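J.: Just passing along the structure, written as structure tokens.
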Amino acid sequence: MKTLIYISFVIGILALNGCHYKDGPTCPTCENFSDGFVIGFDPCTGVGEPNGGSVGFIINIPSQKDTMVNYSFPIGLYQFPPEYFKNYELYCIFPDTAWSDFPIKIKYRHANNSEKVFPICRANINTSYFNEYINIHDDQIIILSITN
């Protein structure tokens, strides 16, 4: 009987620990700035004014080996060339030669569910390049501080 109680107790503890939800680090760079680069944009927002705060930008953080998207990139940090957005329906990644043209130092945290943005995307927009780099459900960030 004591063995049965002991086993039930152990199973109960394991079950409680197993049910604990952990979503990974919520702020991997709160303490220090990470070096990164703006390498593209969400094609579903590409019709917006690239320098007017209405575009979601793809940010690569090499030290984190991660690429994320942010929908509140500060206006005026860079003047992005409009020609990079001209064919937004087909291609949302900046030319390879421009990947180092927009360096940033960034502190960020991952967006929680209530902060995530899911832009409506027209059917004629090719999202395959975007989806190759970004999982829109998991890879959204909130910028805490940023400089160029």
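Read-outs: derived from the displayed coordinates by stated rules, not from any lab. Since this is a predicted model, take the numbers as computed values, not measurements. Counting neighbours? That spans all protein chains shown, and the Cβs are built from the backbone with ideal geometry, glycine included.
J.: If I ask for residues that are farther than 15 Å from Met68 by Cα and not small (Gly, Ala, Ser), which ones from the stretch 128-148 would you list?
T.: Restricting attention to the stretch 128-148, the residues satisfying the condition of being farther than 15 Å from Met68 by Cα are 128, 145, 147-148.
Matches in the stretch 128-148: Thr147, Asn148.
J.: Here's another thing I want to ask about it. Could you pull out the residue among Asp138, Asp96 that is surrounded by fewer than 15 Cβ atoms within 10 Å (Cβ to Cβ), charged (D, E, K, R) and under 20 Å from Asn148 (Cα atoms)?
T.: Numbers: Asp138 fails: under 20 Å from Asn148 (Cα atoms).
After applying the criteria, what remains is Asp96.
J.: Given the criterion under 18 Å from Tyr78 (Cβ atoms), surrounded by 15 or more Cβ atoms within 10 Å (Cβ to Cβ) and among the aromatic types (Phe, Trp, Tyr), identify the matching residue among Tyr129, Tyr133, Tyr108, Tyr91. Write out each step before concluding.
T.: Values: Tyr129 fails: under 18 Å from Tyr78 (Cβ atoms); Tyr133 fails: under 18 Å from Tyr78 (Cβ atoms); Tyr91 fails: under 18 Å from Tyr78 (Cβ atoms).
Unique residue meeting the criteria: Tyr108.
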